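A quick write-up on the structure given underneath.
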Amino acid sequence: MGTLKMLSTTQQMHMKCTKFVSLLALLVIAVGTGCKRGPQGTTPLPGYGKGSVPSDRPQGPLEPGPKVGEDLTGGGALPENLKDLLADPNQPAVLRDNTVFFAYDSADIRPSETSKLDAIASYMKSSGNKAIRIEGHCDERGTEEYNRALGERRALAAREYLVRVGVSGAQIDTRTMGEDNPVVPGHTEAAWSKNRRDEFILLQLPGGVGATNPQ
Amino acid sequence: MTKPLTFIVSLFLALSAFAAEERIVIERPLDDLGFLKPIPVSISGFSGEVDSVLKNDLLFMGVVNVPLEQAKYLVTGSNGSQVEGGVTDKVTKHPVMPRKAYTGGSLRLQTHALADDIAQALTQLPGIAQRKIAFKTHTGPGAKEIYIADYDGHGAKPVTQDRVNVTAPSWLGRDTLYYSSYKLGNAAIFSHALKTGQRRAIARYGGSSISPAVSPDGSKVAMILSKGGSPDLYVSDPEGGNLRQLTTTREAESSPCWSPDGRTICYTSRERGGRASLFRISASGGGATPIPTPGAPIPSEPDWSPNGKWIAFTSLIGGTFRIFITPPDGGRVYEVAEGEDPSWAPNSRALIFCKGPDGGKRLSLLDVPTKQTKDVPRVLESNSQPGWAR
């Protein structure tokens, strides 16, 4: 009958048990239970055990990551030295005016777009000391990470074309913007068709010819 | 009936009840898909926020509040200076969960702890109410931040404050997030320790480094890197070392997730002929196998349930995002909600997902077998890419 004894000493107890007269009924009470029982000790919440309060998440400085793995061989590997360069403040018209557009859910370069890429290739080949970044964008249809990969695939498709017509792959980096930077707002095909695109951006090369304001 | 017979029957019933109490039998019937049918309880003794939070928490853990006469179990307790509660069998009066009291935090957090304990006792499934979610928030043009919050959206706090694009949060345990950020230029993958704020770029290559997914045991990170000339699936250790390329297609692989045993990765790519599909591949390399999802085109952003039974994913049908679940081998799909980017709760029963137009998305909770949903309070303009710490 230890249970009954404990019940009688518990503060939060609210006995509502009806009277039982037989021994059998007492047995049922002993195992347990029609009565509300007091708490069996307290359960501290994680992180609150010793008066500690979770702090606002601080945010430390960024550490550049280690160089890991090896660059993959094959014509397509991307240059490592361009990835974080800033855009040149003086963007040439040939890059600015030749945005390449894509069909829905496609990263294929359409025939209508190749003359734009040919013009960009001529510009790139006119001086060997230039570097560009191709930014691939998507419309809002498709989930975010699907579009992030699709945007990268679109940028790489233009890069492949430029390399095929003689531009060095070492001059071209790619970046996906997914669906995050639509150029035309709205939820119609008119907007979507303008948002499915590759933009071409001249990079500031430290000390290079294209660098008007090297860092 | 004669009096002696009545006495014997009474004795028999009493002894049966006694025996039942000894065994603590809780019936847990399953529905057609193998999900636990909601367990009916009657909740009493609580008030205000504690009462509503408790009922909401339990709803997403397969425990539903019903009128007393329909209940099988009684959830009783109180919320004065602290939350207390316990569960008894309505018929046998056996204590399914002895009454407990909670200290620390807030009444709200104590209620989450009580809800988890009640659900665990009744369903034998892990609690979900004390696990955080991470998600992406729009804070302005071109600027997003990662936030964390309670699973129901309360207590939201920023993790990043970079004012750049940042995407795809993925938990390592409960104290570290991985995400992809444009902070340094191209998208790179960072680890971010929540308690210290220390972060490191663990994958930062030419092209884009996106879509990190930490394995359930925290020993590996799957990711999409384009450094080889196409967006391919790679795996590294948590620090970014021992990088290994798993796919070599020209297609854009995207949105990897892990099986609970850490042996298999599911992701999106395209079949020959260009049709988008889910695939599965051994985490140690080898051939990729399509996961057929008939009736659910352009499947993406899969998430494998912690019990291994289901993969939830997003399909795009007629311009509308819909969430489906499929067994890991595919072949049949079940639509569970309109929305996108589902993430399983630790109990393999609830999902958190997002819905709404670009720039105005919000998070919502879903109890998969009953299809009940509840919207989560929005933080700033738009919330997406929720990830449940498990």
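The values are calculated or read from the model by the stated rules, or taken from the named source; none is laboratory data. As the structure is a computational prediction, the values presented were derived from the model and not from experiment. Note that we place each Cβ from the backbone using ideal geometry, even for glycine, and neighbour counts take in every protein chain shown.
Which residues, counting only those in region B:131-166, are more than 23 Å from B:Lys55 (Cα to Cα) and part of a loop (DSSP other than H, G, I, E, B)?
Once the filter is applied, which keeps residues that are more than 23 Å from B:Lys55 (Cα to Cα) and part of a loop (DSSP other than H, G, I, E, B), region B:131-166 yields B:Pro141, B:Gly142, B:Val159, B:Thr160, B:Gln161, B:Asp162, B:Arg163, B:Asn165.
Scan region B:136-187 residue by residue and report those that are more than 17 Å from the chain's Cα centre (by Cα), under 24 Å from B:Ser364 (Cβ atoms) and among the acidic types (Asp, Glu).
Passing the criteria: only B:Glu145.
Of the numbered conditions (1) over 22 Å from the mean Cα position of the chain (by Cα); (2) surrounded by 18 or more Cβ atoms within 10 Å (Cβ to Cβ); (3) at pLDDT below 95, A:Gly65 fails exactly one; give the number of that condition.
For A:Gly65, the failing item is (1).
Scan region B:347-390 residue by residue and report those that are among the acidic types (Asp, Glu) and touching a Lys or Arg at 6+ places or on another chain (Cβ under 7 Å).
B:Asp367, B:Asp375
Which one of B:Thr137, B:Thr176, B:Thr167 is polar (S, T, N, Q), in contact with a strand residue (DSSP E or B) (Cβ under 9 Å, 6 or more places away or on another chain), in contact (Cβ under 8 Å) with a residue 12 or more places away in the chain and within 25 Å of A:Ala87 (Cβ to Cβ)?
B:Thr167
Could you tell me whether B:Val368 is modelled with pLDDT of 95 or more and crowded, with 24+ Cβ neighbours inside 10 Å?
yes
Which residue out of B:Arg244, B:Arg250 is without any contact (Cβ under 8 Å) to a residue 60 or more places away in the chain, touching a Phe, Trp or Tyr at 6+ places or on another chain (Cβ under 8 Å), surrounded by fewer than 20 Cβ atoms within 10 Å (Cβ to Cβ) and facing another protein chain (nearest Cβ under 9 Å)?
B:Arg244
Looking only at region B:179-193, which residues are within 17 Å of A:Leu86 (Cβ to Cβ) and in contact (Cβ under 8 Å) with a residue 40 or more places away in the chain?
none
Mind counting the residues in region A:141-185 that are more than 10 Å from chain B (Cβ to nearest Cβ) and part of a loop (DSSP other than H, G, I, E, B)?
6
Just give me the residues in region B:108-120 being away from every other protein chain (no Cβ under 11 Å) and surrounded by fewer than 20 Cβ atoms within 10 Å (Cβ to Cβ), in sequence order. Don't jump to the end; show me each part of the working.
Quick first cut of region B:108-120, residues away from every other protein chain (no Cβ under 11 Å) only: B:115, B:118-120.
Within region B:108-120, B:Gln120 is the sole residue that qualifies.
I'd like to check something: does region B:335-344 contain any residue that is aliphatic (A, V, I, L, M) and touching a Leu at 6+ places or on another chain (Cβ under 9 Å)? Steps first, please.
Within region B:335-344, the first condition is being aliphatic (A, V, I, L, M), and the residues that meet it are B:336-337.
Among the residues that remain, those that are also touching a Leu at 6+ places or on another chain (Cβ under 9 Å) are: B:336-337.
Within region B:335-344, one or more residues are aliphatic (A, V, I, L, M) and touching a Leu at 6+ places or on another chain (Cβ under 9 Å).
It is to be established whether one or more residues within region A:126-140 are farther than 20 Å from B:Asp358 by Cβ and facing chain B (nearest Cβ under 9 Å).
Yes, there is a match, as at least one residue in region A:126-140 is farther than 20 Å from B:Asp358 by Cβ and facing chain B (nearest Cβ under 9 Å).
Restricting the search to region B:82-107, which residues are outside any strand (DSSP E or B), at the interface with chain A (Cβ under 10 Å from one of its Cβ atoms) and closer than 22 Å to B:Val50 by Cβ?
B:Gln82, B:Gly104, B:Gly105, B:Ser106
Can you name every residue in region B:332-367 that is touching a Pro at 6+ places or on another chain (Cβ under 9 Å) and over 19 Å from B:Ser300 (Cβ atoms)?
Answer for region B:332-367, where residues must be touching a Pro at 6+ places or on another chain (Cβ under 9 Å) and over 19 Å from B:Ser300 (Cβ atoms): B:Ala345, B:Pro346, B:Asn347, B:Ser348, B:Arg349, B:Gly359, B:Arg362, B:Asp367.
Suppose we keep only residues that are within 12 Å of chain A (Cβ to nearest Cβ) and among the aromatic types (Phe, Trp, Tyr) within region B:121-161. Which one would you say is farthest from B:Met61 (Cα to Cα)?
B:Tyr147
Quick one: how many residues across region B:162-188 are within 8 Å of another protein chain (Cβ to nearest Cβ) and hydrophobic (A, V, I, L, M, F, W, C)?
So the count comes out to 4.
Can you go through B:Asp232, B:Asp237, B:Asp217 and tell me which one is crowded, with 23+ Cβ neighbours inside 10 Å, out of contact with any helix residue (DSSP H, G or I) (no Cβ under 8 Å at 6 or more places or on another chain) and of a type in the set (Asp, Glu)? Steps first, answer last, please.
On the way: B:Asp237 fails: crowded, with 23+ Cβ neighbours inside 10 Å; B:Asp217 fails: crowded, with 23+ Cβ neighbours inside 10 Å.
Of the residues listed, the single one that is crowded, with 23+ Cβ neighbours inside 10 Å, out of contact with any helix residue (DSSP H, G or I) (no Cβ under 8 Å at 6 or more places or on another chain) and of a type in the set (Asp, Glu) is B:Asp232.
Taking region A:147-180 on its own, how many of its residues are in contact with a Pro (Cβ under 9 Å, 6 or more places away or on another chain), surrounded by 24 or more Cβ atoms within 10 Å (Cβ to Cβ) and not aliphatic (A, V, I, L, M)?
Of the residues in region A:147-180, 5 are in contact with a Pro (Cβ under 9 Å, 6 or more places away or on another chain), surrounded by 24 or more Cβ atoms within 10 Å (Cβ to Cβ) and not aliphatic (A, V, I, L, M).
Let's see how each residue does on (1) within 22 Å of B:Gly207 (Cβ to Cβ); (2) touching a strand residue (DSSP E or B) at 6+ places or on another chain (Cβ under 8 Å); (3) modelled with pLDDT of 90 or more:
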{"position": "A:Ser106", "(1), (2), (3)": "yes, no, yes"}
{"position": "A:Ala119", "(1), (2), (3)": "no, no, yes"}
{"position": "A:Gly142", "(1), (2), (3)": "yes, yes, yes"}
{"position": "A:Ala149", "(1), (2), (3)": "yes, yes, yes"}
{"position": "A:Glu160", "(1), (2), (3)": "yes, no, yes"}
{"position": "A:Ser168", "(1), (2), (3)": "yes, no, yes"}
{"position": "A:Ile172", "(1), (2), (3)": "yes, yes, yes"}
{"position": "A:Pro185", "(1), (2), (3)": "no, no, no"}
{"position": "A:Ala190", "(1), (2), (3)": "no, no, yes"}
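For region B:204-235, how many residues are more than 7 Å from chain A (Cβ to nearest Cβ) and in a strand (DSSP E or B)?
12
So, in region A:94-114, exactly how many residues are part of a helix (DSSP H, G or I) and closer than 11 Å to A:Phe200 by Cβ? So that I can check it myself, show each step before the final result.
Step one: filter region A:94-114 for residues part of a helix (DSSP H, G or I), giving A:94-96, A:111-114.
Next cut, closer than 11 Å to A:Phe200 by Cβ only: A:94-96.
Total satisfying the criteria: 3.
Counting just the residues of region B:72-81 that are surrounded by fewer than 18 Cβ atoms within 10 Å (Cβ to Cβ) and farther than 15 Å from B:Val25 by Cα, which one comes out farthest from the other protein chains (Cβ to nearest Cβ)?
Looking at the filtered set, the residue picked out is B:Ser81.
Please report, ordered by residue number, the strands (runs of 3 or more DSSP E) entirely within region B:257-321 with at least 3 residues that are touching a Gly at 6+ places or on another chain (Cβ under 8 Å) and among the small types (Gly, Ala, Ser).
Hits in region B:257-321: none.
Within region B:247-256, does at least one residue satisfy the condition of being part of a strand (DSSP E or B) and under 19 Å from B:Ser219 (Cβ atoms)?
Within region B:247-256 (the criterion being part of a strand (DSSP E or B) and under 19 Å from B:Ser219 (Cβ atoms)), the answer is yes, since at least one residue qualifies.
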